[in-house]
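Reading through the structure tokens given below for one structure.
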Amino acid sequence: MHKVQNILVVGGGIAGTVAALALRQQGKNITLLERSEQWHGVGHGITVQGNALKALRSIGALDKIMETSHPFSDLQLRHAEGHLITTVDTPHTGGMDLPPTMGALRSNIQDVLVEMIHQAGVQVILGGRLIGYRNLEHTVRAEFSNGTTAEFDLIVVADGINSETRKLVGITHEKKPSGLGIWRVVTERTAEMDCAAVFHHGPEYKAGYTPISKDLCYAYVLTDPVRPDNGLSDTDELKRLLAGYHGPFDFIRENITDAHVKNFQPIEWLFVDDESWRDGLVVLIGDAVHACPPLIAQGAAQCCEDAILLAEYVARDGHIESLLDEFITRRKKRVAGVVEASLQLAEWELHPALEGIDTAGVMAGALNVLTQPA
């Protein structure tokens, strides 16, 4: 039986870095390939559920991440006019000893993980891509964009929803539009805005915010997937979209300036449900094979679960390809519920007049399932 010792991880996002750290902490020799020339934390605010916190704790990253984040328990459902409809307790998907939810800057999480990667002795290659591979008898030969090749016992691909490797392994699935777009902004908050809130019945599909530190939040608004050509700056367009949302949103809207980081993108999704996530000794994880609309805030959590569970399977005794297939089967079942719930919520956002809409029930149901081990 061939021992898996030398592993290539493709992609330096959350899935790739968590996988690299989990595998390195088992004593594996890890090479991480990241296509960016300069590798550091990037991204907007993020809602991190308890099962992601559990994964981050397992690799020793959580305490450092929580120094610059904001844990909370409740989700407020509000009317666009501002008044509170109800408050929902968020299930403890990571166990009762962890906060149910945490708001953070994605860049702060990534900065901690990048620092840990370097401290752990992972070999990092920046500005490179995997452009081909060949499965051999017990190893796989990787071909890099700089013309070099190297052999590994396993290649773990975590290069995101825009994965170049997906086609290389023969997967035919492509990312799909959800019909929604999202604006995000990181800005100041008041002390009273200490848990997440979602605002319904307004002029856009919905708006909301999540506290990410003691004085900051990230706010968002779901809208059409194509930005109108109305000549407005990002700041003015965001203020226009939020004009129909009040209560705490009055403070957010009035304080948005050109200096605040803003982001607009169409919301896309992907789920490779009927094809394998591997070809020989090459296995894909994270958004490269499952990326869902962020309507129950499980994207990062499912990536983290993939990474931790994959490392556990790689450490087991047995034939590595059989172990990888067991991992894939187990993860597909888990991810399917998240994707199904997210797409159902997206459908209800697009068609609010449909009968039987139960947004809170679907969110709570999906998260309750996730309280079970990954």
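The values are calculated or read from the model by the stated rules, or taken from the named source; none is laboratory data. Given the structure is predicted, the values throughout are model-derived calculations rather than measurements. Neighbour counts are summed over all protein chains in view; Cβ atoms, including those assigned to glycine, are modelled from backbone coordinates with ideal geometry. Heads up: the accessible areas ignore ligands, DNA and RNA and are worked out on the full protein's heavy atoms, side chains in. Shrake-Rupley method; radii C 1.70, N 1.55, O 1.52, S 1.80 Å.
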Dividing the mean separation of Cα pairs under 8 Å (6+ apart) by the residue count of the stretch 174-215 yields a relative contact order in percent of 35 percent
Taking Cα pairs closer than 8 Å and at least 6 residues apart, the relative contact order of the stretch 206-321 in percent is 16 percent
In nanometres, the difference between 0.36 nm per residue of separation and the alpha-carbon distance of Asn135 and Ser73 is 17.6 nm
Rounded to the nearest 10 Å², the accessible area of Asp63 using a 1.4 Å probe with every protein chain kept is 130 Å²
If every Lys and Arg gets +1 and every Asp and Glu gets -1 at its Cβ, then about the Cα centre the stretch 275-371 yields a dipole, in debye to the nearest 20, of 200 debye
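Could you report the stretch 1-73's accessible area per residue, 1.4 Å probe, as an integer in Å²?
Here the per-residue accessible area is 40 Å².
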For Thr86, Thr17, Thr47, the accessible-area ranking with a 1.4 Å probe, largest leading, is Thr86, Thr47, Thr17
So the angle from the long Cα axis of helix 320-350 to the longest Cα principal axis of the chain, reported in degrees to the nearest 10, equals 20 degrees
Per residue, accessible area of the stretch 177-252 with a 1.4 Å probe, heavy atoms of protein chains only, in Å², comes to 39 Å²
Rounded to the nearest Å, the spacing of the alpha-carbon centers of the stretch 260-282 and the stretch 324-370 is 16 Å
Restricting to lysines and to Cα separations under 21 Å from Lys214, and discarding same-chain partners fewer than 8 apart, the set is Lys64, Lys262
For the stretch 137-150, Karplus-derived ³J(HN,Hα) couplings (6.51, -1.76, 1.60; θ = phi - 60°; whole Hz; x for glycine and proline) come out as 5, 10, 9, 10, 8, 8, 10, 9, 5, 8, x, 8, 10, 7
For Phe199, other-chain or 5+-apart residues with amide H closer than 5 Å (H placed, Pro excluded) are Arg78, Ala207, Gly208
Asserting the computed 222 nm helical MRE of the chain (DSSP H runs at least 4 long, -39500 (n - 2.57) per run, divided by residue count, to nearest 500) equals -9500 deg cm²/dmol
Rounded to the nearest 5, the percent of DSSP beta bridges in the chain running antiparallel is 70 percent
Between the Cα axis of helix 14-24 and the main Cα principal axis of the chain, the angle (0 to 90°, nearest 10) is 40 degrees
The relative contact order of the chain, taking Cα pairs under 8 Å that sit 6 or more residues apart, comes to a percentage of 22 percent
For the stretch 183-306, the dipole about the Cα centre with charges only on Cβ (Lys and Arg +1, Asp and Glu -1), to the nearest 20 debye, works out at 380 debye
For the chain, the accessible surface attributable to carbon and sulfur atoms (probe 1.4 angstrom, ligands and nucleic acids excluded) amounts in percent to 49 percent
Quick calc, His201 & Glu115: beta-carbon distance into FRET formula, R0 30 Å, rounding 0.05, result 0.10
Total charge of the residues flanking Glu115 in space, meaning their Cβ is under 14 Å from its Cβ, with Lys and Arg +1 and Asp and Glu -1, is -1
Mean-square fluctuation maximum in Gaussian network of the chain, Cα pairs under 10 Å, restricted to Asn108, Asn135, Asn230, hits Asn230
Sorting Ser107, Ser342 on solvent-accessible surface, 1.4 Å probe, most exposed first, gives Ser107, Ser342
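Rounded to the nearest 0.05, what FRET efficiency do Asp236 and Glu355 have when you use their Cβ-Cβ distance and R0 = 41 Å?
For R0 = 41 Å, the calculated efficiency reads 0.65.
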Judged on accessible area alone, 1.4 Å probe, highest first, Phe251, Phe199 line up as Phe251, Phe199
